[in-house]
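Remarks on the structure that follows.
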Amino acid sequence: MTREDLADVLENIALLLELKGENPFKIRAYRTGAETVMQYPGDIVEKARLGELEGIKGIGDALQQKLHELASTGKLGFWEKLRGEFPETIFELFDVQGLGPKKVKALYEELGIASIAALKKACEEGRVAGLTGFGQKSAEKIREAIAFLETNADRFRLGDVAAAVEMILDSLKSHPACLRAEVGGSFRRGKETVHDLDFLVATGDPQAVMDHFVGQAWVKDTIAHGRTKSSIRLENGLQCDLRAVANDEWACALMYFTGSKEHNVAIRGRANDRGYTLNEYRLAPREGSEAKMPPVFGEERDLYAFLGLDYIAPELRENGGEIEAAAAHTLPRLIELENLRGTFHNHTTASDGRNTVPEMADAARELGLQYLGIADHSKSSFQANGLDETRLRAQIAEIRDLNRRYADEGETFRLFAGSEVDIHKDGSLDYDEELLAELDYVVASVHNAMTLPEAEMTARLIRAAESPHVTMLGHLTGRLLLQREPYAVDIPAVIEACADTGTWIELNCNPWRLDLDWRWWRLATEKGVKCVINPDGHRVADLHYLWFGIKQARKGWLTRADVMNCLPLDAIEEALGAKRKRG
Ligand code: DGT
Ligand code: CA
Ligand code: CA
Ligand code: ZN
């Protein structure tokens, strides 16, 4: 039992009680309990197991008993009984965007719908549109949401597989017969979502490494178990392939299994033009060609060099011009994690974050950053406990105080007082000019009215960019990977407006967002728009999201010069004020 397991059960109880139409206070108690379990600073699982939850705010008597039963026995009678009253598949319905408990309840009670398959059928047969509170338009929305789920059903967010990659690589490298191990495929290329993981080892004893790979505790199913190829499935459904090659095949194999397929095809064409065949194991003279035998390639770099190319970083291997640039020696020197000097979009306990300003600051200092921007939610984001004017002014004062203390202590670290300010439907901002002017910077974001028509949404974002106080636009398209499509917005037009006004665009590194998408950054930098890599951190651990952001930035061909938060402290201070100076 983990903290997440306990919280999940409480959350799911709340959902089912809602379907049963139970007392809202009781439902609220389970939700609060789940949140408390997630946030509790100590070992809550152990406390629950020992029955020592008394006195913890947010966990009432009834919940204490249940958590104790769950943590000590791994089961909860109440929960087993409750879930027995519903078909197991009913939870699927909560994954459909736009379906909350009220709608699920109506679908279940009125139409007996308890699975996505049944819901889809009912939509097609026009039964959903006829239901009170639904109508033609909402039935159409549900159909679209189901289609979206179906196309994403077998993919995983980068952030949801990174820990598994590390775990499996460590395990492979720990085997004595493993000479080298690496992850390839879409994960190595830093794609925002992946279908499966592709591991590669160099070894003189492939069978031993394969046996080791399929024999680990985390293997739920073994899909294939051969001498040089195996596939397993993890508990969460993620498939992991492993290939074993000889050490002198490593470079060709790693390039092949990293892909992309389109990159491989183009590289193979280039080899072919030079009289060679290239496959997943080796480069060899084509039959009948005059080409001489190539040397053994130790690293991918040597293989690229043999074909007249500079080394191409995995993130660029999408056949988007990287091969031509490598041939012309014009590849950019891509940004690296070490280049970041600070970040700007971070939340604290003042709005919906989990850590205080000083805690976030300490975590940033520990990461070696020179500055940290605090940008809590603004007042309209009441669901995220957004700050009203009084609270924001108090926070600005707190930040100024902390900065004085750092200065007194001879620390060069600095906090910046910002805000993630809601952009209203008409493009106006959530605070008045006077307060905005007191802030060091503003991240302007859309958090409501996300379904505006494209022209209105575009005008809304452009108007925000035109404010002299808006330093940067936050999570520009609002997408949630595998869950919510981007807003309808004319991205090139917004990029153009940002270029005209000197507004920066955020690359939000929260693994659910990774927004703006890497495919747009080459256009943005071409237009002269600057990027800011922000974790959208809600707790200290989230600062590590920066790693995902760097991956996306590299996929977008960004260099340190394109990214504002690579600037050292003195330069960033000036840059933050530049737009207001333009007037
Ligand atoms: P994914 O798993 O859908 O997120 O994307 P990838 O790129 O990881 O694709 P995957 O797992 O099917 O294959 C891993 C790599 O193996 C792929 O990036 C390139 C290489 N590969 C797979 N199939 C082919 C193929 O038919 N032709 C070529 N040239 N390469 C292939
Ligand atoms: Ca893959
Ligand atoms: Ca694969
Ligand atoms: Zn936001």
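Please treat every number below as a calculation from the coordinates, not as lab data. Just so it is clear, the structure is predicted and the values come from calculations on it, not from any experiment. Every residue, glycine among them, receives a Cβ derived from its backbone with ideal geometry; neighbour counts consider all protein chains shown.
Going by Cα centres, region 176-253 and region 101-162 are how many Å apart?
Comparing the Cα centres of region 176-253 and region 101-162, I get a distance of 36 Å.
Taking Rh as the Kirkwood radius computed over C-alpha pairs, what is the Stokes-Einstein D of region 310-370 at 20 °C in a medium of viscosity 1.002 mPa s, expressed in µm² per second?
Details: Rh = 14.7 Å.
Once the numbers are plugged in, D ends up at 146 µm²/s.
Val421's amide H: which non-local residues (gap 5+, or another chain) put their own amide H closer than 5 Å, with H modeled 1.01 Å from N in plane and none for Pro or chain starts?
Close amide H contacts, sequence-distant or interchain: Val443, Ala444, Ser445.
What relative contact order, as a whole-number percentage, does the chain give when Cα pairs under 8 Å and 6 or more residues apart are counted? Don't skip to the answer; put the middle values down first.
On the way: 1035 pairs, mean separation 53.5, N = 583.
9 percent.
Label points 7 Å out from Cα along the Cβ direction at Ala305 and Lys527: separation in nm?
According to this spin-label approximation, the distance is 4.1 nm.
Could you give the spread of the C-alpha atoms of region 3-151 along their three principal axes, from largest to smallest, in whole angstroms?
For region 3-151, the Cα spread along each principal axis is 53, 30, 24 Å.
Using the alpha-carbon centroid of each, what span in Å lies between region 430-478 and region 515-583?
Answer, in whole Å: 17.
What Kirkwood hydrodynamic radius, in Å, does region 156-245 give when the mean of 1/r is taken over all pairs of distinct Cα atoms and then inverted? Mind dumping the intermediate values first?
Values: mean 1/r = 0.0780 Å⁻¹.
When all Cα pairs of region 156-245 are included, the Kirkwood radius is 12.8 Å.
Can you tell me the FRET efficiency between Arg268 and Ala561 if r is taken as the Cβ-Cβ distance and R0 is 41 Å, rounded to the nearest 0.05?
For Arg268 and Ala561, the calculated efficiency is 0.75.
What residues have an amide H closer than 5 Å to that of His225, excluding those fewer than 5 places away on the same chain, when H is modeled at 1.01 Å from N in the peptide plane?
Amide H to amide H, under 5 Å and 5 or more residues apart or across chains, His225 pairs with Ser231.
Less than 14 Å Cβ to Cβ from Arg333, Lys/Arg counted +1 and Asp/Glu -1: what total charge do the surrounding residues give? Working shown, then result.
Working: positive: Arg554, Arg560; negative: Asp310, Glu315, Glu322, Glu336, Glu338, Asp562.
With Lys, Arg at +1 and Asp, Glu at -1, the neighbours total -4.
Which three extents, in angstrom, do the Cα atoms of the chain have along their principal axes, listed largest first?
For the chain, the Cα extents along the three principal axes come out at 80, 64, 56 Å.
What's the FRET efficiency of Arg286 with Ala246 using the Cβ-Cβ distance as r and R₀ = 25 Å, to the nearest 0.05?
Numbers: r = 22 Å, r/R0 = 0.88.
E(calc), rounded to 0.05, equals 0.70.
Arrange the following residues from fewest to most other Cβ atoms within 10 Å of their Cβ: His469, His424, His329.
On the way: His469 20, His424 16, His329 9.
The fewest-first ordering by Cβ neighbours comes to His329, His424, His469.
For region 524-538, take each phi angle, set θ = phi - 60°, evaluate the Karplus expression 6.51 cos²θ - 1.76 cosθ + 1.60, and give the result in whole Hz per residue in order, putting x for glycine and proline.
Residue by residue, region 524-538 yields 4, 5, 4, 7, x, 7, 8, 9, 10, 9, 10, x, 6, x, 10 Hz.
Please turn the phi angles of region 270-287 into ³J(HN,Hα) values with the Karplus equation 6.51 cos²θ - 1.76 cosθ + 1.60 (θ = phi - 60°), one per residue in order, whole Hz, x for glycine and proline.
5, 5, 4, 4, 9, x, 10, 9, 10, 10, 5, 10, 7, 10, 9, x, 5, 3
Long-range amide H contacts for Asp198: which residues qualify at under 5 Å (H placed 1.01 Å from N, peptide plane, sequence gap of 5 or more or a different chain)?
It is Gly184, Phe187, Asp241, by chain and number.
To the nearest 0.05, how large is the calculated FRET efficiency for Glu22 and Glu166 if R₀ is 41 Å and r is the Cβ-Cβ distance? All intermediate terms of the calculation are to be shown ahead of the outcome.
Numbers: r = 42 Å, r/R0 = 1.02.
My answer for the efficiency is 0.45.
Once you keep just the Cα pairs under 8 angstrom separated by 6 or more residues, what percentage relative contact order results for region 156-245? Before the final figure, lay out each step's value.
Values: 172 pairs, mean separation 23.2, N = 90.
That works out to 26 percent.
For Glu80, what is the net charge nearby, where nearby means another residue's Cβ is under 13 Å from its Cβ and Lys, Arg count +1, Asp, Glu -1? Please report the intermediate quantities before stating the final value.
Working: positive: Lys66, Lys75, Lys81, Arg83; negative: Glu69, Glu85, Glu88.
Value of the local net charge: +1.
Find out how many positive minus negative residues lie around Glu456, taking Lys and Arg as positive, Asp and Glu as negative, among other residues whose Cβ is under 15 Å from that of Glu456. Working shown, then result.
Details: positive: Lys425, Arg460, Arg463; negative: Asp426, Glu454, Asp490.
My count for the surroundings of Glu456 gives 0.
I need the peptides 29-37, 296-304 ranked by packing, meaning the mean over residues of other C-beta atoms within 10 angstrom, with the highest value on top.
On the way: 29-37: 20.8, 296-304: 16.8.
Taking the mean over residues of other Cβ atoms within 10 Å, the ranking is 29-37, 296-304.
Return the calculated 222 nm mean residue ellipticity for the chain, to the nearest 500 deg cm²/dmol, obtained by summing -39500 (n - 2.57) across DSSP H runs with n ≥ 4 and dividing by the residue count.
Working: 23 runs with 253 residues, N = 583.
After summing the helix terms and dividing by the residues of the chain, the value is -13000 deg cm²/dmol.
Among Gly126, Pro568, Val219, whose Cα projects farthest towards the positive end of the dipole of the chain, with charges put on the beta-carbon of Lys, Arg (+1) and Asp, Glu (-1)?
With unit charges placed on the Cβ atoms, the residue in question is Gly126.
Per residue of region 494-505, what does 6.51 cos²θ - 1.76 cosθ + 1.60 with θ = phi - 60° give for ³J(HN,Hα)? Whole Hz please, x for Gly and Pro, Karplus curve as stated.
Once rounded to whole Hz, the list reads 5, 4, 4, 5, 5, 5, 5, 9, x, 8, 8, 10.
Enumerate by residue number the GluC sites (Glu not before Pro) in region 362-419 meeting two conditions: DSSP loop (anything except H, G, I, E, B), and at most 16 other Cβ atoms within 10 Å of the site's Cβ.
Working: sites: Glu366, Glu389, Glu398, Glu409, Glu411; in loops: Glu409, Glu411.
Within region 362-419, the qualifying GluC sites (Glu not before Pro) (loop, at most 16 other Cβ atoms within 10 Å) are Glu409, Glu411.
Let's see if you can work this out: charge +1 on each Lys and Arg Cβ, -1 on each Asp and Glu Cβ, no other charges. What is the dipole magnitude of the chain about its Cα centre, in debye to the nearest 20?
Numbers: 72 positive and 93 negative charges, 160 e Å.
Dipole size: approximately 760 debye.
So how do Glu54, Glu438, Glu69 line up by other beta-carbon neighbours within 10 Å, fewest first?
Working: Glu54 9, Glu438 14, Glu69 17.
Exposure proxy ranking, most exposed first: Glu54, Glu438, Glu69.
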